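Following: one structure in structure tokens, then a few remarks.
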Amino acid sequence: MPTLSGLDYLRAMIDGVLPPPPIASLMDMTLVEAAPGTATFVCEPGESHYNPIGTVHGGLVCTLLDSVLGCAVQTTLPQGQGYTSIEIKVNYLRPVLAGSGPLTCVGTVTKPGNRVAFADGVVTDAAGKVVATATGSLLVFPIG
């Protein structure tokens, strides 16, 4: 990672040159697009993601949003820079069920930065309905 720009690193994962992180298979989410200031994930919710009341646990949606916000910011970073989440605010708008998917999650950088960056995310279900939104701030720092 330290040898590539953030965008080049993500595109190498999308192209299969680099492997995805382990959490991607655990959560059944895939990075499908990365461009300057934006990233898109697709996630297939299933019953294995259910909480005790029979809906997809909000943690899956929050993890999806946290990932897309981070990757959107990563697309703006030069070689040798990394990030970590400072905070995330999620609004859950409707329940997600196993039949709701695939979910599409798009993250967009609202303000890039050398120390702190800000991004927004939106999750839609297979019918195109918004199921959750998020805003977040991310700390930018040197890596390597």
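The values are calculated or read from the model by the stated rules, or taken from the named source; none is laboratory data. For clarity, every value in this text was computed on a predicted model and none was experimentally measured. Ideal geometry is used to build each Cβ from the backbone, glycine not excepted, and the neighbour counts take in all protein chains shown. Remember, those area values only see protein heavy atoms, side chains included, never the ligands or the DNA or RNA. Shrake-Rupley method; radii C 1.70, N 1.55, O 1.52, S 1.80 Å.
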Inset, instruction - Determine if the range 121-142 includes at least one residue that is closer than 19 Å to residue 11 by Cα and either open to solvent by less than 30 Å² (accessible area, probe 1.4 Å) or at pLDDT below 95 (or both). - result: no
Legend entry - Set 31, 77: member being closer than 25 Å to residue 7 by Cβ, within 10 Å of the chain's Cα centre (by Cα) and touching a residue at least 12 places away in the same chain (Cβ under 8 Å): 31
Legend entry - the range 101-113 - residue that is farther than 11 Å from residue 83 by Cβ and either without any contact (Cβ under 8 Å) to a residue 12 or more places away in the chain or not hydrophobic (A, V, I, L, M, F, W, C) (or both) and, of those, most open to solvent (accessible area, probe 1.4 Å): 111
Inset, instruction - Name every residue in the range 4-47 that is exposed (fewer than 11 other Cβ atoms within 10 Å of the Cβ) and of a type in the set (Gly, Ala, Ser), in order of residue number. - result: 16
Inset, instruction - Name the residue, out of 79, 74, that is open to solvent by less than 20 Å² (accessible area, probe 1.4 Å), of a type outside the set (D, E, K, R) and either more than 17 Å from residue 134 (Cα to Cα) or touching a helix residue (DSSP H, G or I) at 6+ places or on another chain (Cβ under 7 Å) (or both). - result: 74
Inset, instruction - Inspect all residues belonging to the range 84-96 and state whether any of them is under 11 Å from the mean Cα position of the chain (by Cα), modelled with pLDDT of 95 or more and of a type in the set (A, V, I, L, M). - result: no
Inset, instruction - Return the residue satisfying two criteria in turn: it lies in the range 61-71 and is without any contact (Cβ under 8 Å) to a residue 60 or more places away in the chain and open to solvent by 10 Å² or more (accessible area, probe 1.4 Å), and of such residues it is nearest to residue 116 (Cα to Cα). - result: 67
